[in-house]
Structure formats: structure tokens, C-alpha cells
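Written out below as C-alpha cells is the structure these notes cover.
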Amino acid sequence: MTRASLPERAVAAHVDSHLATEFGEVMAALVATVPGARGAVLTDRDGHAIDFALDAGAIDDLDLQIAGAQCARTLAAMHHLAQRRALGRTAVLVEASAGCLLGATLREADELTIVLVLRARAHLGFALAAFDRACDELARLIA
């Protein structure tokens with residue numbers, strides 16, 4: 001059986017945090033448990049990666065960091081809009097033919113954001129629930 005014929009769940013056999021921080025461990029667990037997840041990245045207000053976790057066979061670490069950096073400003077702007085309207089934490093899902101991005105801002109003061117990159121056929125319901133739990137855990141670690 002070739003790698004291409006393996007189910008999405010079996011492809012992400014080994015996922016590690018890049019810097020092995022507590023944040024990275026949360027993201028590694030997220031990527032390892034969500035079918036179709038490629039990687040997750042936590043960024044600061046300037047779009048710099050604080051830590052990230054990825055399935056190295058599914059995405060390059062630089063591509064993952066770029067995705068996080070490009071989403072950071074948009075997520076921060078969406079968060080500020082949601083806060084003015086008392087909507088709570090915002091999560092944004094961007095769907096495309098080659099995959100999806102799921103992002104959220106964790107804390108307004110620091111403008112920390114998390115982005116999860118998914119394959120096109122990822123299980124979105126499972127990803128949304130797991131992503132929400134990971135956001136809660138990261139927020140607890142940051143507090």
C-alpha cells in the first residue's frame with residue numbers, strides 16, 4: 001500500500017511541536033487527532049510563529065508559518081470587530097478546492113492567533129470541535 005492510498009487519518013503518523021513548548025504540544029495533539037490536518041501555527045501580533053506543529057509529509061514548515069503570518073492581521077481585525085459587537089471569540093473558516101484554513105484570535109491584548117491548515121477532504125465537524133478545545137487550552141496556558 002502506497003502513502004497516497006493510505007486513509008487521511010493514517011498519514012499523520014508522527015507530529016511534533018517545532019520548539020517543544022507547551023503551546024506546541026497542544027497544537028501537535030490537535031494535528032495528530034484531526035483527520036486531514038496538515039499543521040497548526042501560533043503567531044504573535046506581527047505574524048511571527050511562536051511555535052507550530054505539522055505533519056512533515058503534508059506541509060512544509062515555511063509554508064505553515066507563512067499561512068499563519070498571512071492570516072494573523074485579518075484574524076486580529078475580525079476579532080476587534082467581533083469584540084465591538086460583543087460576539088465573543090471569533091473563528092474563521094476559509095474553504096478552497098485544495099484545502100481549508102481555520103483560524104482564531106486567542107487573546108485581544110497580545111493579538112495571538114492560531115491557524116490550522118487542513119487537507120481538502122478533512123473532517124470539518126471534527127476539526128471545528130477539536131480546534132475550539134485547542135483554543136481553550138492555549139488560552140488557559142497564556143493566561
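The values are calculated or read from the model by the stated rules, or taken from the named source; none is laboratory data. Note that the structure is a prediction, hence the values are computed from the model and not measured. Here the Cβ positions follow ideal geometry from the backbone for every residue, glycine too, while neighbour counts run over all protein chains shown. Accessible surface areas use protein heavy atoms only, side chains included; no ligands, DNA or RNA. Shrake-Rupley method; radii C 1.70, N 1.55, O 1.52, S 1.80 Å.
Quick notes on this one:
- Pairing each residue of the stretch 1-30 that is modelled with pLDDT of 50 or more with any residue that is of a type in the set (Ser, Thr, Tyr), provided the two are 6+ apart or on different chains, yields C-beta distances under 8 Å for Phe23/Ser17; Gly24/Ser17; Glu25/Ser17; Met27/Ser17; Ala28/Ser17.
- Strands (runs of 3 or more DSSP E) within the stretch 59-143 that include 1 or more residues more than 12 Å from the chain's Cα centre (by Cα), without any contact (Cβ under 8 Å) to a residue 60 or more places away in the chain and farther than 19 Å from His18 by Cα: 91-96, 99-107
- Qualifying residue in the stretch 38-57 (condition: within 23 Å of Ala143 (Cβ to Cβ), among the polar types (S, T, N, Q) and in a helix (DSSP H, G or I)): no
- When the test is whether a residue is under 19 Å from Asp132 (Cβ atoms) and open to solvent by less than 10 Å² (accessible area, probe 1.4 Å), Gly88 does not pass it.
- Scanning the stretch 31-51 for residues that are within 12 Å of Val117 (Cα to Cα) and open to solvent by 10 Å² or more (accessible area, probe 1.4 Å) gives Pro35, Arg38.
- Scanning the stretch 102-120 for residues that are touching a strand residue (DSSP E or B) at 6+ places or on another chain (Cβ under 9 Å) and either open to solvent by 50 Å² or more (accessible area, probe 1.4 Å) or acidic (Asp, Glu) (or both) turns up Glu111, Ala120.
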